[in-house]
Structure formats: structure tokens, C-alpha cells
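Student: Before I ask anything, here is the structure I am working with.
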Amino acid sequence: MTRPFRLLVFLVALLLVAAGGLVAAWTQRDEAPVTILGTWTGTQEKHFEKVLRGFGIPFTYQGTAAQREVLLSKVQSGESPDIVIMPGVGELGEYAEQERLRPLGNLYDQADYGAPWDLAGKRGDNVFWVPVKADLKSVVWYRSGHEPAPSPAPLKSWCIGMGDDGASGWPGSDWIEDLVLQRAGPGVYARWALGDRSVRWTDSRVRGAWEAWGRLLQQSPSAARHALLTDHRGKQGGAGLLFAGWNGCALEHQGSFARSFYSRRPAELTDSAPLLPGGPYPVRAHEVTGDFAALFSDRPQAKRLIEKLASREGQRAWAGSQDVFSANRRVPPKSDRVGREISEQLTGRGIRCLDASDVMAPAVRDAFYEAALMTLSRAATGADLDIRGLLRDLQRVQDAQSRSPARPETVCSTP
């Protein structure tokens, strides 16, 4: 055998070994469990995993309150999960803009999801995320048999907590968002949420909502201080604030997910608009929030899992938990009265607007949370709230952001 021929044989052998290694690697990856990153932990995590096991697709699920940080770390290290489920549409929009997300194509029937859910993940001809869990906001919880009068409630009546493992301050942003929505209406709310220059942070309609919340907090520095230091889930174990509230508080401005905190205790809900500071206001719309599933890989198993989870059957199974609600219109409403009311508000008639801070760019959203905490801190110490200054700072953060084409075109449904 000549030397050139021996060399050729050696190179061919190396290529065959390499090819075999690549095939083995791809086969191993193809058979690996689908990796999912979400925010659900505890009881909800167990129920979610039970639903996933019913799909017959191997998976590993990681639930964490620090999802933003965990996801960023995984993306930067080249180990992105196959599927991410998160409420931050603005954050998902940034990943879509970086071309890290894969279009969902025809993995689910968009006709099953009404507005604004059907538009939330659509960018041109592609859809990049789908709501797999939904919650109603613009509501107030109270103990059964103690329905509040339809008029603004004083601070001492409110159970408020700003703490959260991953993003303290968001309950304060919910108050301000709801006030903008009920005072100024869905049109102004949507333009503000999307960073439209026609409704800046310094706009009188945004400032008026923030000032109304600030005046409520100033009624009691001690109550403001307690709210600043309290977790929105209540004491350890997450029993909520309504049934173990500070100083006999009786109302909680919180989303429908709060019902999971109450340990099956009798709680009712009502529209927030008449009870908000500076009101009563008419009910102009309901704020809603969702947990959206997005694909970070092209693996067939990951696509099949999202297809099953977003389907009518998958959503029925997931919404089988008492405290889980779906945006899928084909999922039957809950059997109990309160659950049925929530289900109908999420999928029936009426105007719904996506949570404004969830839609905002992450930098703006985080600054929003911090400004809400700063307002509460100043109210707790009796200092000047300086809301105009806070809003100028928020507008500077907004101005530094580019208008992402990956964010929704609108956040509110039409009547």
C-alpha cells in the first residue's frame, strides 16, 4: 500500500468515526427529555408535572422564582431550555428579536383563543408564544359575607404586600396599572403600556393615577411600612393576606391566582373600579395576565409537547386544578360560582387588556417596580413622594429603549 493511499484510508476512517460520533450525539439529543423552565413551584408544580406526564413525552421541569436570571444564564452558556413558560411578553419579545425563539406555526388552533390572547404572540405571519395559563386582574377579594360598599376604601381596609422572591414591587405596579385603565380607559392604557410617545410616563393621565395611589398610601405611614415589608403571599407557606391580614384588613387587590393562597377558605371577588382611590370609577375593562409558552429549540418532542399543552384537551387537563384558569375558549368554565365568573371574564365578552408591566421592555418593567417601591417607602417615612421626579426617571429609561417589533401591536381587545 503506497503512503498516499494509506493516508487516504486513514482520513476516511477518521471521517467515519466522526460521523458516527455526530450521529450518536444527535440521536442522544433527540432522545433526551424535553427541558422546560417555568415559575410554578410547590403544589402547582406537582399538578403541572402530572399534566405533562399524561402527554407521554419525557421531560424535565425546573420551577423557579428567579426565572429571568436563570434563563439569561442558560442562554448565555448555550444551554437554553427547549421550552420557557413566563408572563413577561416584553422579555420574550427581546428573545424573539434576537432570533432565539422558534415560530410555533400550526402547533395550536389560534381560533381557540380570543382577544387579546390571539394577538399576544403574533408577529407578522408567525406566532412565537401561546398562553397556557391565564389570570384575571382588576378585581378585589373579600371574605364571604363581607361584601364592601361600592366606594373607595381607606388604606386600613387593604391587605397589601410588596414582597416577592423574584420581582418585589409588582403588586404596586398592578395598582397603578388598574388606576390608569379605569380612569383613562383602554386606549390610553394600551398606548402607555407599549411605550407610545402619545402617552408618556409624565402624561397627566399616568401621573394622576400614580398620585391617587400615593394619596392612599399617605393615609397611614405605619400601614405603608407594613406593606413594604410584607410578602404578597403572606407568611411562610403562602396562605395569603386576606385571612391573616394586618390590623384587620378586609380587601385584597390581587389577581385570580390569589385564590390558591386562601387554603380553600370562603373568599369572593368584585370589580376593583368602584373601590380604587379617587373613585368610584366605571368598570372600563379588566386587566389580565398570562403565562406564555415559547420554543427555544426545534426539537420535534418540544413542539409536540407545546402542541399538546395548548390543545383543548391539554388545557382542560391543566385547568382541572381548582386554581388554574385557561384562556382557551373551548375549556369549560369552573363549576363553582367564583371560578365560573373568572373563567367567563377571561374568555367571554368584555374588554381585556394584558398586564402593562408584562408587555414593557424588561428594563422599563424593572424600573416601574422600583419606582412603586420608592413611592411606598417615601409614604412610610412621611417624605415627599416626588412622583413627578419618579415619572421623569421612568421616561428616561423608556426613551433609552428601542421600539421592539417583537412586542404586541396592541394589548387590549375591542368591545
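The values are calculated or read from the model by the stated rules, or taken from the named source; none is laboratory data. Keep in mind it's a predicted model, so treat the numbers as computed, not measured. Cβ: placed from backbone, ideal geometry, glycine included. Neighbour counts: every protein chain shown.
Student: I'd like to check something: does the range 233-246 contain any residue that is surrounded by 18 or more Cβ atoms within 10 Å (Cβ to Cβ), among the basic types (Lys, Arg), in a loop (DSSP other than H, G, I, E, B) and not assigned by TED's automatic domain parsing to the domain that holds LEU101?
Tutor: yes
Student: Could you please tell me which pairs satisfy a Cβ distance under 7 Å, a separation of 6+ or placement on different chains, a first residue in the range 296-312 that is surrounded by fewer than 18 Cβ atoms within 10 Å (Cβ to Cβ), and a second residue that is modelled with pLDDT under 95 and of a type in the set (Asp, Glu)?
Tutor: ARG312/ASP112
Student: Can I ask one more? Being among the acidic types (Asp, Glu), touching a residue at least 24 places away in the same chain (Cβ under 8 Å) and in the same structural domain as PRO148 (by TED's automatic domain parsing), is that true of even one residue in the range 198-221? Before the answer, list the steps.
Tutor: Within the range 198-221, the first condition is being among the acidic types (Asp, Glu), and the residues that meet it are 203, 211.
From what's left, touching a residue at least 24 places away in the same chain (Cβ under 8 Å): 211.
With the extra rule that they be in the same structural domain as PRO148 (by TED's automatic domain parsing), the set shrinks to 211.
Yes, the range 198-221 contains a residue that is among the acidic types (Asp, Glu), touching a residue at least 24 places away in the same chain (Cβ under 8 Å) and in the same structural domain as PRO148 (by TED's automatic domain parsing).
Student: Let me ask something additional. Could you check how many residues of the range 154-169 are part of a helix (DSSP H, G or I) and either crowded, with 21+ Cβ neighbours inside 10 Å or touching a Leu at 6+ places or on another chain (Cβ under 8 Å) (or both)?
Tutor: Applying the first criterion (part of a helix (DSSP H, G or I)) to the range 154-169 yields 155-157.
Checking the rest, the ones that are also either crowded, with 21+ Cβ neighbours inside 10 Å or touching a Leu at 6+ places or on another chain (Cβ under 8 Å) (or both) come to 155, 157.
Residues meeting the conditions: 2.
Student: Within the range 321-329, is even one residue buried (at least 20 other Cβ atoms within 10 Å of the Cβ) and outside any loop (DSSP other than H, G, I, E, B)?
Tutor: yes
Student: Name the one entry in ALA13, ALA66, ALA24, ALA18 that is at pLDDT below 90 and in contact with a Gly (Cβ under 9 Å, 6 or more places away or on another chain).
Tutor: ALA66
Student: Right, next: Is it the case, given these coordinates, that ARG340 is part of a loop (DSSP other than H, G, I, E, B), over 30 Å from GLY208 (Cβ atoms) and not assigned by TED's automatic domain parsing to the domain that holds TRP141?
Tutor: It is false that ARG340 is part of a loop (DSSP other than H, G, I, E, B), over 30 Å from GLY208 (Cβ atoms) and not assigned by TED's automatic domain parsing to the domain that holds TRP141.
Student: Does ALA115 count as in contact with an Asp or Glu (Cβ under 8 Å, 6 or more places away or on another chain), surrounded by fewer than 17 Cβ atoms within 10 Å (Cβ to Cβ) and either in a strand (DSSP E or B) or not assigned by TED's automatic domain parsing to the domain that holds GLY166 (or both)?
Tutor: It is false that ALA115 is in contact with an Asp or Glu (Cβ under 8 Å, 6 or more places away or on another chain), surrounded by fewer than 17 Cβ atoms within 10 Å (Cβ to Cβ) and either in a strand (DSSP E or B) or not assigned by TED's automatic domain parsing to the domain that holds GLY166 (or both).
Student: Which of the residues spanning the range 50-107 are of a type in the set (A, V, I, L, M, F, W, C), under 20 Å from the mean Cα position of the chain (by Cα) and part of a loop (DSSP other than H, G, I, E, B)?
Tutor: If the condition is that a residue be of a type in the set (A, V, I, L, M, F, W, C), under 20 Å from the mean Cα position of the chain (by Cα) and part of a loop (DSSP other than H, G, I, E, B), then ALA65, ALA66, LEU101, LEU104 are the ones that fit.
Student: Kindly check whether there is at least one residue in the range 128-142 that is closer than 30 Å to ASP112 by Cα, in the same structural domain as LEU37 (by TED's automatic domain parsing) and among the aromatic types (Phe, Trp, Tyr).
Tutor: Within the range 128-142, one or more residues are closer than 30 Å to ASP112 by Cα, in the same structural domain as LEU37 (by TED's automatic domain parsing) and among the aromatic types (Phe, Trp, Tyr).
Student: Do you know which residues across the range 109-125 are over 15 Å from ALA190 (Cβ atoms) and not hydrophobic (A, V, I, L, M, F, W, C)?
Tutor: ASP109, GLN110, ASP112, TYR113, GLY114, ASP118, GLY121, LYS122, ARG123, GLY124, ASP125 - these are the residues of the range 109-125 that are over 15 Å from ALA190 (Cβ atoms) and not hydrophobic (A, V, I, L, M, F, W, C).
Student: Pairs, please: C-beta under 8 Å, at least 6 apart or cross-chain, first residue in the same structural domain as VAL206 (by TED's automatic domain parsing) and of a type in the set (D, E, K, R) and in the range 375-400, second surrounded by 19 or more Cβ atoms within 10 Å (Cβ to Cβ) and assigned to a loop (DSSP other than H, G, I, E, B)?
Tutor: ARG378/LEU385; ARG392/TRP201
Student: Answer yes if at least one residue in the range 175-186 is farther than 24 Å from GLN218 by Cβ, in contact (Cβ under 8 Å) with a residue 12 or more places away in the chain and part of a helix (DSSP H, G or I), and no otherwise.
Tutor: yes
Student: Right, something else. Pull up the range 216-231, narrow it to residues that are surrounded by 16 or more Cβ atoms within 10 Å (Cβ to Cβ) and among the aliphatic types (A, V, I, L, M), then point me to the one that is farthest from LEU276 (Cα to Cα).
Tutor: Out of the qualifying residues, it is LEU228.
Student: Regarding GLU370, is this residue modelled with pLDDT of 95 or more and touching a Cys at 6+ places or on another chain (Cβ under 9 Å)?
Tutor: The answer is no for GLU370.
Student: Now, a different point. Based on what the data block shows, is PRO332 surrounded by fewer than 17 Cβ atoms within 10 Å (Cβ to Cβ), under 28 Å from ALA212 (Cα atoms) and not small (Gly, Ala, Ser)?
Tutor: In short, no.
Student: Just to check your reading of the model, which residue among SER321, SER326, SER413 is touching a residue at least 40 places away in the same chain (Cβ under 8 Å), small (Gly, Ala, Ser) and not assigned by TED's automatic domain parsing to the domain that holds PHE128?
Tutor: On the way: SER321 fails: not assigned by TED's automatic domain parsing to the domain that holds PHE128; SER326 fails: not assigned by TED's automatic domain parsing to the domain that holds PHE128.
That would be SER413, the only listed residue that is touching a residue at least 40 places away in the same chain (Cβ under 8 Å), small (Gly, Ala, Ser) and not assigned by TED's automatic domain parsing to the domain that holds PHE128.
Student: Could you pull out the residue among LEU228, LEU309 that is modelled with pLDDT of 95 or more, closer than 26 Å to ALA65 by Cα and not in a loop (DSSP other than H, G, I, E, B)?
Tutor: So the residue among LEU228, LEU309 that is modelled with pLDDT of 95 or more, closer than 26 Å to ALA65 by Cα and not in a loop (DSSP other than H, G, I, E, B) is LEU309.
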